[in-house]
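First up is the structure itself, then whatever we jot down about it.
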Amino acid sequence: MVMVMRSISSCLTLSQTPPPPLRPRASNHLSTQKQCKRNSRNYCSTRPQILSPPPLSRDALGFRVFVLSDLHTDYPENMNWVKSLSTKAYKNDLLLLAGDVAETYHNFYSTMSLLKDRFQHVFYVPGNHDLWCRSEPDGHPYYLDSLDKLNKLLDACRGLGVQTRPMVLYGLGIVPLFSWYHESFDREMDIAGIRIPSLEMVCKDFHACKWPREISNRSTSLASYFDAMNEENEDAVKLIKNTCTQIITFSHFLPRVHHLSRPFLKPRQELCPEKRMLFYPNLPKIIGSDFLEVRIRSIHGSEGNASACHVFGHTHFCWDSVLDGIR
């Protein structure tokens, strides 16, 4: 599925269009690939209508915003899918890449080059796979740690013209948000009575990512560090909030959803199936950030608005809902 947002006469609508002929392969770094359905609670979410794309000419259509995440182009079939994208059809369009492009620098750079060739504007936020520091082919960069690799990836983006900072395009505000997960994001009661493998056994991040001693996956320090990276963009975000009626924020990891209408209830996780439905029940411990939710609400408002939109990746679950005023 490819999600596309169309800008027609200053009004964003969302539609689903058929994907190109090949389908990207999903990574198996998390031991869950099952997509589960569950009933929505009436008080917390409604599903907006998905519109089929109208048969409009390019002039009538204006620009489009495409969203992709978790391309994992270290898999040859996924890289071939990227190469199969038209070099002409998206020349006026925007692409938001919500992380996990590739593990190796070579594949990351190649993928970004291909996509920048095909889209007029490309925006990117890093995912966990992008920051793995495993073996690279000879002649490619050596990394002191995952933060060093992050800096090299951002340098590559700057060289290619890929945007990683907030920007206004055609009156639309685009806000990339840096983030990382923390275990305390998971508030749901753990499932008892069965043996569940540890996070270290299931999630390769604990071995493939390397961090300075003062930050760690086992506390909120890493999530706090990545969230603080957004603070240098506060002036640009303020300008966007003051000048744009339509804003799209995007991240790799998931935000938490708070009960605005029922503040006496605990924060809930409405963007991932319940643990009893997951192949790996501890998945919620490695998917999201409370800091990210606060950051998003500071941009879209505590109650959201009709044009508020946030996009995320990471879990490989297709998700589309409106929660407390934000789609």
Let a ≥ b ≥ c be the square roots of the eigenvalues of the Cα gyration tensor of the range 76-203; is it rounded (a/c under 1.5), or, if not, prolate (a/b larger than b/c) or oblate?
-> prolate
Please work out how much accessible surface residue 73 shows to a 1.4 Å probe, ignoring ligands, DNA and RNA, in Å² rounded to 10.
-> 0
How much of the accessible area of the range 72-120, in percent, comes from carbon and sulfur atoms when a 1.4 Å probe is used?
-> 48
Pop out the carbon and sulfur fraction of the accessible area of the range 126-251 as a percent, whole number, probe 1.4 Å.
-> 51
In this model, which of 152/210; 149/238; 210/275; 116/285 are farther than 26 Å apart at the alpha-carbon?
-> 149/238; 210/275; 116/285
In the range 160-250, which GluC sites (Glu not before Pro) are in a loop and have at most 14 other Cβ atoms within 10 Å, using DSSP for the loop call?
-> 214
In square angstrom, rounded to the nearest 10, how much accessible surface does residue 210 have for a 1.4 Å probe?
-> 100
So how much accessible area does residue 241 have, in Å² to the nearest 10, using a 1.4 Å probe?
-> 100
Proximal aspartates and glutamates relative to residue 83, as straight alpha-carbon distance under 14 Å, when same-chain residues fewer than 8 apart are discounted | 74, 117
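The values are calculated or read from the model by the stated rules, or taken from the named source; none is laboratory data. Keep in mind that this is a model prediction, so the values were computed, not measured. Glycine also receives a Cβ, built like all others from the backbone with ideal geometry; neighbour counts cover every protein chain displayed. What goes into the accessible areas is simple: the full protein's heavy atoms, side chains included, and nothing from ligands, DNA or RNA. Shrake-Rupley method; radii C 1.70, N 1.55, O 1.52, S 1.80 Å.
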